[in-house]
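The values are calculated or read from the model by the stated rules, or taken from the named source; none is laboratory data. All of these numbers come straight from a predicted model, not from anything done at the bench. For neighbour counting, all protein chains shown are included, and Cβ atoms are generated from backbone atoms with ideal geometry for every residue, glycine included.
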Number of protein chains: 2
Amino acid sequence: MRDVYVIGAGQSPFGSFPDETYLTLFETAYENALESVGGKLDPDRIDEAFLGTLGVGGRQIGLSSPAVTEHLGLHGVPTTRVENACAASGYSFRSALTAVRAGTADVALAGGYEVMTDTSADQTKWWLGVSGETEWERMSGTTFAGVYAQMASAYLDEYDATVEDLSRVAVKNHGNGAKNPKAHLGFECSLEDANSAPGVADPLNLYHCCPTTDGASAALLASEEVAAEFDGPSVKIAGAGAASGRVGLFQRESLTSIPASVQAGEEAYAEAGVTPDDLDFAEVHDCFAIAELLAYDDLGFCERGEAGRLLREGVVDPDGELPTNTSGGLKSKGHPIGATGTGQVVEAFFQLRGEAHVQVDDPTYGLTHNVGGSGGGVTVHVFERTEVDA
Amino acid sequence: MRDVYVIGAGQSPFGSFPDETYLTLFETAYENALESVGGKLDPDRIDEAFLGTLGVGGRQIGLSSPAVTEHLGLHGVPTTRVENACAASGYSFRSALTAVRAGTADVALAGGYEVMTDTSADQTKWWLGVSGETEWERMSGTTFAGVYAQMASAYLDEYDATVEDLSRVAVKNHGNGAKNPKAHLGFECSLEDANSAPGVADPLNLYHCCPTTDGASAALLASEEVAAEFDGPSVKIAGAGAASGRVGLFQRESLTSIPASVQAGEEAYAEAGVTPDDLDFAEVHDCFAIAELLAYDDLGFCERGEAGRLLREGVVDPDGELPTNTSGGLKSKGHPIGATGTGQVVEAFFQLRGEAHVQVDDPTYGLTHNVGGSGGGVTVHVFERTEVDA
């Protein structure tokens, strides 16, 4: 199995863009990714593309990914659309990694896109609902916030965590996102703001929920041989893990853990030969504030149930031991569904290159964690800054 | 890059099944695939799954593939939904192949499913339309049959082929499908029947169009080491090709060729080290009769423009030089969109094992050809019967 590197990554601004389409948004992400390589990668060298989207809003539904590569001028390149709900581009990244590992591609494009703000709020709620389990969740009227609210209630009941800890996720992530010019909600919020926001699904309030967002992100993956052609620190994909889980929350043994996160994390750590202690930063899936707490527990950032403490003690702050969601996370940066997984990769890439907006000190290892639905599919990737021999 | 084998394949019946769901249909396909291995493959050995669907009808839209693997009891297995319109499972098969080639998986499940008959005819037309180009085709009112009708008109105008040659596709494929107990429209039709059917989109009539169908199909792919554990002739994936193409017909230079088919075919032949002359049978994408003629030309079964002759001279009949669509093809077997690509693999598998319903004489090489939309994405695979050393 060949070693694989991320040689470039980029994103469009995340936000609400009535004058953009999924095509133009992805074009921006792609151009930014190409530019991050140093402008030296000939697009003709892209052998295959994997693009993730749930298909919310926008125009083209079937075959949207070939429409994107056509728009980029990548004519003929085999292009696969991947859809695993909110983990669509975590999985498109995984497929691109596999293609380069196999030797099917020397250079592969991974990415994702979503246009969400061109539908009414009701339609968006419906679209998001389709990622939840259908028969017993969606059709009984449970919204996506409602699913995570059940997890939050159980977590607060079972462990030493409070609604204020949920608000701390918002305060931290907005603090980071305020420094990220591509963030959707790039403003700071105080603990008081976050605590006093209107309710959405008890105990989750508005500041405990990410926005619906338009955006796109892209990463360029390459074999070691190709990566060696380019200057600067290289970003190796040191470990990859993925797992499916019960799509319906009601079918899981516990409401306070996402087993697919545990399994994907363990696999990625093992492949990279690291433990959570080795990580210098992480981008975790914070679609709702409770999801970030679950991620801390499930990915071994702390003992189970101690996630609240990490927030209260500042462990996950930019100057803490394990800065988490320095990009702003889904909460502040935004959550254009299909673009989120590779959006996290963009942050990992620039962190390891020392060029992030909220830069952590000289990192070697970083992790990305992308969740589909409420845990029906998860990917975890561990990235390592290293030098490639030319 | 490791050699990869198909060690099992199976499908559900194709048809209209109001009492089935995508879950139960895929379960049938999967159980049949497991049984074809000889009942000896422990499902726990499946490392990863790739499942294709457009998402027509049915219930679960986002995350439907993890819902399927959950239903099969494959808990935790990384599961990716692939969507490339009608080539969804041609591409899911490609992804499974890549995973085994890379060593990410020793055994991978590929497949697809679609439930189409639970929506009204109008809804189905809308769903199918989403695979065509949106702005200039679908929104201007062009149906999918209309797109292929344009190709048919151009082909009949440009080359020595007639409407009766289109009808010959129906006669041949229904003749084959009548012997396939899993075919949707498993009855014979005469040339007179096919010629005199009501019009759909001139020059295409009802017998020149495939039906909308419910169904599922599955294939089990494995490394050579795993394949060697099982008795009987082995089916090696000798060559794989894939290509994207202009999604909108109006953006292509010619209406009488699908460039992605040409590119994918050439790549698959080169990888397998064969030419079209080496093929003993083929399953090609005949969503409309004209598509089968284009496939003959694009895949090099004849000189360009001679597809009609192959039909008139019986070259593609079961007892001809290159029997094509012995399963009944999309026309008679049916076209449950996401299930079609791996459905073709099912036929190739049983042909090479000598167990097909319309068995060709002692075949060594077979080809499958799966088209998304009107050519926005194509996969071609070449299969070889061989012996694996234990």
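Report yes if some residue within segment A:308-323 is assigned to a loop (DSSP other than H, G, I, E, B), β-branched (Val, Ile, Thr) and either crowded, with 24+ Cβ neighbours inside 10 Å or free of Cβ contacts under 8 Å to residues at least 60 places away in the same chain (or both); otherwise report no.
Yes, segment A:308-323 contains at least one residue that is assigned to a loop (DSSP other than H, G, I, E, B), β-branched (Val, Ile, Thr) and either crowded, with 24+ Cβ neighbours inside 10 Å or free of Cβ contacts under 8 Å to residues at least 60 places away in the same chain (or both).
Would it be correct to say that B:ASP277 is free of Cβ contacts under 8 Å to residues at least 12 places away in the same chain and away from chain A (no Cβ under 14 Å)?
For B:ASP277, the condition - free of Cβ contacts under 8 Å to residues at least 12 places away in the same chain and away from chain A (no Cβ under 14 Å) - is met.
Evaluate segment B:270-282: report whether one residue or more is crowded, with 20+ Cβ neighbours inside 10 Å, at pLDDT 95 or above and within 13 Å of the chain's Cα centre (by Cα).
There is at least one residue in segment B:270-282 that is crowded, with 20+ Cβ neighbours inside 10 Å, at pLDDT 95 or above and within 13 Å of the chain's Cα centre (by Cα).
Taking the options A:GLY241, A:GLY215, A:GLY265, name whichever one is crowded, with 20+ Cβ neighbours inside 10 Å, within 25 Å of A:GLY308 (Cα to Cα) and not basic (Lys, Arg).
Exactly one residue qualifies, and that residue is A:GLY265.
Evaluate the following for B:ALA238: is it assigned to a helix (DSSP H, G or I) and modelled with pLDDT of 95 or more?
Here the answer is no, as B:ALA238 does not meet what is asked.
Could you count how many residues in segment A:272-294 are in a helix (DSSP H, G or I) and farther than 22 Å from A:PHE350 by Cα?
So the answer is 5.
Hey, can you tell me all the residues within segment A:289-313 that are touching a Phe, Trp or Tyr at 6+ places or on another chain (Cβ under 6 Å) and hydrophobic (A, V, I, L, M, F, W, C)?
If the condition is that a residue be touching a Phe, Trp or Tyr at 6+ places or on another chain (Cβ under 6 Å) and hydrophobic (A, V, I, L, M, F, W, C), then A:ILE290, A:CYS302, A:ALA307, A:LEU310 are the ones that fit.
Would you mind finding the one in A:PHE50, A:PHE26, A:PHE14 that is within 19 Å of the chain's Cα centre (by Cα), on the phi < 0 side of the Ramachandran plot, within 14 Å of chain B (Cβ to nearest Cβ) and among the aromatic types (Phe, Trp, Tyr)?
After ruling out the rest, the residue left standing is A:PHE50.
Taking only pairs six or more apart or across chains, which ones have beta-carbon atoms under 7 Å, a first residue in segment A:163-182 that is over 19 Å from A:GLN359 (Cα atoms), and a second residue that is β-branched (Val, Ile, Thr) and surrounded by 24 or more Cβ atoms within 10 Å (Cβ to Cβ)?
A:LEU166/A:ILE290
Working only within segment B:311-345, note down all residues that are in contact with a Ser or Thr (Cβ under 7 Å, 6 or more places away or on another chain) and over 20 Å from B:ALA85 (Cβ atoms).
B:VAL316, B:PRO318 - these are the residues of segment B:311-345 that are in contact with a Ser or Thr (Cβ under 7 Å, 6 or more places away or on another chain) and over 20 Å from B:ALA85 (Cβ atoms).
In segment B:173-212, what residues are crowded, with 20+ Cβ neighbours inside 10 Å, among the small types (Gly, Ala, Ser) and in a loop (DSSP other than H, G, I, E, B)?
B:ALA183, B:GLY186
Give the residue that is nearest to the chain's Cα centre (by Cα), with candidates limited to residues of segment A:146-197 that are among the charged types (D, E, K, R) and under 13 Å from A:ALA289 (Cα atoms).
Top of the filtered list is A:LYS172.
Answer yes or no as to whether B:GLY62 is more than 9 Å from chain A (Cβ to nearest Cβ), surrounded by 24 or more Cβ atoms within 10 Å (Cβ to Cβ) and farther than 19 Å from B:GLU225 by Cα.
no
Answer with yes or no whether B:TYR91 is away from every other protein chain (no Cβ under 13 Å), in contact (Cβ under 8 Å) with a residue 24 or more places away in the chain and closer than 30 Å to B:GLU225 by Cα.
It is false that B:TYR91 is away from every other protein chain (no Cβ under 13 Å), in contact (Cβ under 8 Å) with a residue 24 or more places away in the chain and closer than 30 Å to B:GLU225 by Cα.
Mind checking whether some residue in segment B:132-147 is modelled with pLDDT under 95, aromatic (Phe, Trp, Tyr) and crowded, with 24+ Cβ neighbours inside 10 Å?
Taking every residue of segment B:132-147 in turn, at least one turns out to be modelled with pLDDT under 95, aromatic (Phe, Trp, Tyr) and crowded, with 24+ Cβ neighbours inside 10 Å.
Output yes when any residue across segment A:340-353 is part of a loop (DSSP other than H, G, I, E, B) and small (Gly, Ala, Ser), and no when none is.
Within segment A:340-353 (the criterion being part of a loop (DSSP other than H, G, I, E, B) and small (Gly, Ala, Ser)), the answer is no, since none of the residues qualifies.
Kindly evaluate A:HIS369 against the criterion of being surrounded by 24 or more Cβ atoms within 10 Å (Cβ to Cβ) and within 18 Å of A:PRO276 (Cβ to Cβ).
yes
So which residues in segment A:244-262 are within 23 Å of A:GLU306 (Cα to Cα), in a helix (DSSP H, G or I) and within 12 Å of another protein chain (Cβ to nearest Cβ), if there are any at all?
Listed by number, the residues that qualify are A:PRO259, A:ALA260, A:SER261, A:VAL262.
Looking at segment A:116-131, which of the residues that are closer than 22 Å to B:SER65 by Cα and among the aliphatic types (A, V, I, L, M) is modelled with the lowest pLDDT?
Here the residue is A:VAL130.
Could you check segment B:160-172 and list, in sequence order, the residues that are surrounded by fewer than 19 Cβ atoms within 10 Å (Cβ to Cβ) and either in contact with a strand residue (DSSP E or B) (Cβ under 9 Å, 6 or more places away or on another chain) or within 24 Å of B:GLU253 (Cβ to Cβ) (or both)?
Passing the criteria: B:ASP160, B:VAL163.
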